[in-house]
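Remarks on the structure that follows.
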Amino acid sequence: MPDQEIENYKDLVSIKDWLSKQPHLPHDVDELLLRRFLASCHYSLERTKRTIDFFFTLRSTAPELFCKRDPWAPEIRRVFEITDMLPLPGKTKENYKVFIYRLNNPELDLFNFVDAVKAFFMLADTRLTEDDDIPAGEIPIFDSANVTLKFIGKINLSVLRKYMLYTQEAIPIRLKQVHIINAPSYISKIHAICKPFLKAEVAKLIKFHEPNSTTLYKDIPQELLPTEYGGQAGSLEQIKRHWIKRIEAKRDWFLTNDKRWEVDEGLRPTNCRDDRTDKVRDLPGSFRTLALD
């Protein structure tokens, strides 16, 4: 076994031992997930511990996103019908995983923001606990072709903030680039809503691409994309069906995981307090009560 693999194995054993001694945290955690935490934290044990704690703590403050998750539920099926949330099969030469997220139906009356975020995290959990190949980084592509200004009225502010916190500070990935394609002229209004929740280093990763432009291909090889985008990764429908099957096959895990990954704050040691969770409390529920220009 190479020296680096030995060191990584020792780190994994150390994290498992630490986790077993944390009375407030869940102990039944997939080994693959722990490996992802170590890799995403550059094998810093202290950073890994803080991130694992925050991961489970934040999930426990968001039952609307992480509880009662049934892939067969009508509201989850509807999300997968009207959206495409697709990890693409290939990777870049830098070993980065690429994703496409888009609304495939412009009828926003069918869209529920909370359900969409819940389904997004179900897909993420499937990847985090099942994909053995841990990429060096991740690149989401958001296609905003069907996003209109009416989308602002669908946003739940509290859930948006939890989503931004979770994806930037808790989930064990290394974000390398963020691309917004088919960006309409009013995308700045929607971006302005997210901006207060964006970490400075993440904001620097975002690139906007106008409709019918080819500027995305400077960063993402076109062949990695689905056929609808001129690539060779297969059709959007083929890729989506593959992931829906995987999520549905994990149904028992989702239905039993509500309690298994809960944090018991009553057992938290005083030296394990994290004030970041205060960020997700006392927020207004949505933008419907706000005056928009």
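Side notes on the structure shown:
- Trypsin sites (Lys or Arg not before Pro) within the range 85-165, DSSP loop, no more than 10 other Cβ atoms inside 10 Å: K93
- Nonlocal amide H pairs with R69, under 5 Å, H built at 1.01 Å: none
- DSSP loop GluC sites (Glu not before Pro) with at most 11 other Cβ within 10 Å excluded, longest remaining stretch of the chain: 108-293
- Phi-derived couplings, Karplus 6.51 cos²θ - 1.76 cosθ + 1.60 at θ = phi - 60°, listed residue by residue for the range 205-210: 7, 7, 10, 9, 10, 5 Hz, with x used for Gly and Pro.
- Relative contact order (%) - criterion: Cα under 8 Å, at least six apart; region: the chain: 26
- Amide H contacts of I155 (H built 1.01 Å from N, in plane; Pro and chain starts excluded): F287 sit under 5 Å, all sequence-distant by 5 or more or on other chains.
- The lysines whose alpha-carbon is closer than 22 Å to the alpha-carbon of K150, local same-chain residues fewer than 8 away aside, are K118, K162, K189, K195.
- Relative to the globular-protein estimate of 2.2 N^0.38 Å, the Cα radius of gyration of the range 35-88 stands at 1.56.
- Prolate/oblate/rounded call for the range 62-142, Cα gyration tensor, a/c under 1.5 rounded: oblate
- Note on the chain: antiparallel DSSP beta bridges, both residues inside, total approximately 30 percent of the bridges counted.
- Percentage, to the nearest whole number, of Cα pairs in the range 83-188 over 22 Å apart: 33
- Its Cα centre serving as origin, the chain has a Cβ charge dipole (Lys and Arg +1, Asp and Glu -1) of approximately 540 debye.
- Kirkwood-based shape ratio for the range 1-99, expressed as Rg/Rh from alpha carbons: 1.05
- Kyte-Doolittle mean at least 0.5, axial Cα span of 18 Å or more - DSSP H helices of the chain: 113-130
- For the range 55-204, the relative contact order works out to 25 percent when only alpha carbon pairs closer than 8 Å and six or more residues apart are counted.
- For L128, L205, order by how many other beta-carbon atoms lie within 10 Å, fewest first: L205, L128
- Amide H contacts of L88 (H built 1.01 Å from N, in plane; Pro and chain starts excluded): V98, F99, I100 sit under 5 Å, all sequence-distant by 5 or more or on other chains.
- Average projected area [Cα convex hull, the range 1-282], square nanometres: 15.4
- Length-normalised contact order of the range 57-102 in % [C-alpha pairs under 8 Å, at least 6 apart]: 25
Quick note: the coordinates plus some simple rules give every number you see, no bench work behind them. What you see is a predicted model, and the numbers here were worked out from it, not measured in a lab. Reconstructed Cβ throughout: ideal geometry from the backbone, glycine too, with neighbour counts over all protein chains shown.
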